[in-house]
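**Q** I have a structure I would like to understand better, so I am pasting it below and will then ask my questions one at a time.
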Amino acid sequence: MLGNEMLIELERYIQNHLDRELVVCKSAEPYIESEKYIVEEIHQNELENFIETHRKPTLNQVLFRFIDQSGARDSDVYKKAGIDRKHFSKIRTNPNYRPRKNTVIALALALELDFEDTNELLGAAGYSLSDSETYDLVIRFCLEKEIYDLYSVNQALDYFSLKPLV
């Protein structure tokens, strides 16, 4: 059980970190439900503001922006990426859908994106290319050398006994 000194120290700690007065349970002052609600509401608003401020576009938004910029038709992109129409439709219609990393890389190659744009597309899906993974380095090499042909990229991956993209 925490002693009075520890509770006072805890109260100061919370006050210093939140810049507002909080009443600790079992302290000399009674715990007030309305203060708890206000504090929770402040935290919720801070969280919502943080998310709103830092949220980036979804994979769906980034992918279709790149497709629009390229002037390519959707069917050309998904065929070149080796993705079937049903899977591509799922990516298009469900903004919360997150395809596998291989699929996102295949789409980046189909769109002939450079390294920076590929990273943006991967980042929108929650992925990245690592400098410590052979698989990712092979992909990065192909991007830097502008090798966008899926068959050629799969050959490079196979050379290192790595799983092909699709």
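Please treat every number below as a calculation from the coordinates, not as lab data. Being a predicted model, the structure only gives us computed values, none of them experimental. Quick reminder, even Gly has a Cβ in these numbers, built from the backbone with ideal geometry, and neighbours come from all protein chains shown.
**Q** Show me, for the range 149-166, the HN-Hα J-couplings you get by feeding each phi into the Karplus relation (A = 6.51, B = -1.76, C = 1.60, θ = phi - 60°), rounded to Hz, glycine and proline as x.
**A** Computed from phi, the couplings for the range 149-166 are 5, 4, 4, 5, 5, 5, 5, 5, 5, 5, 4, 9, 6, 9, 5, x, 4, 9 Hz.
**Q** Determine the sum of side-chain charges near ASP114: Lys and Arg each +1, Asp and Glu each -1, restricted to other residues whose C-beta is under 12 angstrom from that of ASP114.
**A** Here the charged neighbours net out to -4.
**Q** While we're looking at this one, here's another question. Projecting each Cα onto the charge dipole of the range 43-89 (Lys/Arg +1, Asp/Glu -1 at the beta carbon, about the Cα centre), which of GLN61, PHE50, ALA72 comes out farthest on the positive side?
**A** ALA72
**Q** Once phi is turned into θ = phi - 60°, what whole-Hz ³J(HN,Hα) does the Karplus curve with 6.51, -1.76 and 1.60 give for every residue of the range 44-59, x standing for Gly and Pro?
**A** The phi angles translate into 4, 5, 4, 5, 4, 5, 4, 4, 4, 6, 9, 5, 9, x, 6, 4 Hz.
**Q** Using 24 Å as the Cα-Cα cut-off, could you pick out the over-long pairs in LYS101/LYS163; LYS56/LYS86; LYS86/LYS145; LYS79/LYS163?
**A** On the way: LYS101/LYS163 12 Å; LYS56/LYS86 26 Å; LYS86/LYS145 31 Å; LYS79/LYS163 20 Å.
Exceeds cut-off: LYS56/LYS86; LYS86/LYS145.
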